[in-house]
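Below is one structure, written out as structure tokens; the observations come after it.
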Amino acid sequence: MRLATGLPRWLLIPAALGTAIVLVPIAGLLGRVPWTRLPGLLTTEASVDALALSVWTAGVSTLLCLLLGVPLALVLARSAFRGLAVLRAVVLLPLVLPPVVGGLALLAAFGRNGLLGETLELAGIRLAFTSIAVVLAQVFVSLPFLVLSFEGALRLGHRRYEQVAASLGASPSVALRRVTLPLVLPAIAAAAVLAFARALGEFGATLTFAGSYQGTTRTLPLEIYLQREVDPDAAVALSLLLVVVAVAGVLLTTARRGRA
């Protein structure tokens, strides 16, 4: 292995240990996968319902993250105003909050007696413990991932192209549409994959805010938790699905960074 110039070789030891901490549990999980029973375990009614619900809600939440997160990342990366650091901290807060706390916060806001939920109830709109609640929980936890990833891409030196476009008479909207977005499109795609993977694996906020009802709010992570006591083999098989999706998301993200 060739190390970067000036990097001491002793760093390989803690680096290897750090890799092992992540790799060994995954290897242990793969070693417990019942490969011969895998097709049957993944095609039970409960598994199919959980998978379909997870893919649908994660897809919708990823779309919402794109619609909200791309403009938000642009504001954070291109603005300079008092309170910007506070705004960034608020946006990234779900990254450090325990998911259960996020679920309680969503209940406090959109629950039956919540800050906005009581008004919505009077209008005949119920969010908590519905499929919409699953989407909201997933957006809450995955939006910061998309914003953080995309904001970092916006700081890689594309600003000079926008300045050239502005000097040629392009309006901010034209420069954004014709210059900025085409340049960062791969970064947007990578951030979206990362957000999708995070949404697909969301557990705590979903359980607290949406509950666990088959076909309505029971996503793959919730089904895995339920099957852990009932059928450990089914739990491991479903966990494999999430690992595959997560690995694909990480590979796409790191590949984009490698080309940058």
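The figures follow:
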| item | result |
| --- | --- |
| In the stretch 190-248, residue nearest to E45 (Cα to Cα) [restricted to those that are assigned to a helix (DSSP H, G or I) and among the polar types (S, T, N, Q)] | Q227 |
| Residues of the stretch 30-55 satisfying the condition of being in contact (Cβ under 8 Å) with a residue 24 or more places away in the chain and farther than 12 Å from A234 by Cα | L30, D49, A50, L51, L53, S54, V55 |
| Residues of the stretch 232-252 satisfying the condition of being free of Cβ contacts under 8 Å to residues at least 40 places away in the same chain and surrounded by 15 or more Cβ atoms within 10 Å (Cβ to Cβ) | A235 |
| Matching option when the condition is in contact (Cβ under 8 Å) with a residue 60 or more places away in the chain and more than 19 Å from F145 (Cβ to Cβ), among L84, L120, L104, L116 | L104 |
| Those helices (runs of 4 or more DSSP H) lying entirely in the stretch 1-92 with at least 2 residues β-branched (V, I, T) | 12-31, 45-78 |
| Flag if S47 is surrounded by fewer than 12 Cβ atoms within 10 Å (Cβ to Cβ) and of a type in the set (S, T, Y) | no |
| Scope the stretch 93-122; condition in a loop (DSSP other than H, G, I, E, B) and at pLDDT 90 or above; matching residues | L97, P98, G111, G114, L115, L116 |
| Scan of the stretch 127-178 for residues that are surrounded by fewer than 14 Cβ atoms within 10 Å (Cβ to Cβ), assigned to a loop (DSSP other than H, G, I, E, B) and not small (G, A, S), ordered by number | R155, L156, L168 |
| Output for the stretch 193-233, where each listed residue is more than 30 Å from G114 (Cα to Cα) and of a type in the set (A, V, I, L, M) | V193, L194, V230 |
| Single unsatisfied condition, R177 versus (1) without any contact (Cβ under 8 Å) to a residue 12 or more places away in the chain; (2) in contact with a His (Cβ under 7 Å, 6 or more places away or on another chain) | (2) |
| Residue count for the stretch 52-70, restricted to those that are more than 23 Å from E151 (Cβ to Cβ) and touching a Leu at 6+ places or on another chain (Cβ under 6 Å) | 1 |
| Failed criterion for V184 (all others in (1) closer than 20 Å to C65 by Cβ; (2) more than 24 Å from the chain's Cα centre (by Cα); (3) among the β-branched types (V, I, T) hold) | (2) |
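The values are calculated or read from the model by the stated rules, or taken from the named source; none is laboratory data. Keep in mind the model is a prediction, meaning the values are calculated, not measured. Reconstructed Cβ throughout: ideal geometry from the backbone, glycine too, with neighbour counts over all protein chains shown.
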